[in-house]
């Protein structure tokens, strides 16, 4: 049996819509045979947990999540990339982990699709979930 590739899902997690979308992506990736680290669950990074838990603990769990992953999938929607997601991308890049961007948002910057530093740190940019799955096939 092949080992499952582990994906760290980097994305904003501050609205109900973001939390639901992250779960949708996680479920889609699990169905395709990947293992998924989802910070809102695996690092207990949610508003209620931030009130009860030491933020350093949440940070450490996320760092360990990236360290133990094979691939990072980063949601790049919004006018600008979420600052936590941007940090996770940079950290993964520094660790030599492939980062695949997912941008379903049709807005663009005048110079490109996303910030230059983000664009140069990712190995591929998918425009929807189906394209993301096709890109991920290359990393199995």
Check: Can you tell me which residues in region 119-137 are more than 15 Å from residue 78 (Cα to Cα) and assigned to a loop (DSSP other than H, G, I, E, B)?
Finding: 122, 123
Notebook entry, point to check: What is the one condition in (1) free of Cβ contacts under 8 Å to residues at least 60 places away in the same chain; (2) part of a helix (DSSP H, G or I); (3) surrounded by fewer than 18 Cβ atoms within 10 Å (Cβ to Cβ) that residue 66 does not satisfy?
Noted result: (3)
Next item on the list: Would you mention how many residues in region 85-120 are under 23 Å from residue 61 (Cβ atoms) and more than 13 Å from the chain's Cα centre (by Cα)?
Entry: 3
Note to self: For the structure I just gave you, tell me whether residue 116 is more than 15 Å from residue 79 (Cβ to Cβ) and at pLDDT below 95.
What the structure shows: yes
Item checked: Single residue of 107, 140 found to be farther than 26 Å from residue 27 by Cβ and in a loop (DSSP other than H, G, I, E, B) -> 107
Note to self: Could you check region 66-94 and list, in sequence order, the residues that are touching a helix residue (DSSP H, G or I) at 6+ places or on another chain (Cβ under 6 Å) and either over 15 Å from residue 119 (Cα atoms) or at pLDDT below 95 (or both)?
What the structure shows: 66, 81
Next item on the list: Would you mind stating whether residue 79 is in a loop (DSSP other than H, G, I, E, B), without any contact (Cβ under 8 Å) to a residue 40 or more places away in the chain and on the phi < 0 side of the Ramachandran plot?
Entry: yes
Item checked: Tally, over region 116-134, of residues that are surrounded by 14 or more Cβ atoms within 10 Å (Cβ to Cβ) and farther than 20 Å from residue 13 by Cβ -> 8
Check: If you scan region 1-24, which residues turn out to be outside any loop (DSSP other than H, G, I, E, B) and loosely packed, with under 12 Cβ neighbours inside 10 Å?
Finding: 16, 17, 20, 24
Check: Given the residues 84, 96, 101, which is the only one that is surrounded by fewer than 15 Cβ atoms within 10 Å (Cβ to Cβ) and either without any contact (Cβ under 8 Å) to a residue 40 or more places away in the chain or assigned to a helix (DSSP H, G or I) (or both)?
Finding: 96
Check: Counting just the residues of region 25-46 that are under 22 Å from residue 80 (Cα atoms) and assigned to a helix (DSSP H, G or I), which one comes out modelled with the lowest pLDDT?
Finding: 40
Next item on the list: Output yes when any residue across region 47-59 is modelled with pLDDT under 95 and crowded, with 21+ Cβ neighbours inside 10 Å, and no when none is.
Entry: no
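The values are calculated or read from the model by the stated rules, or taken from the named source; none is laboratory data. Keep in mind that what you see is a predicted model, and the values were worked out from it rather than measured. Positions of Cβ are backbone-derived with ideal geometry, glycine not excepted, and every protein chain shown enters the neighbour counts.
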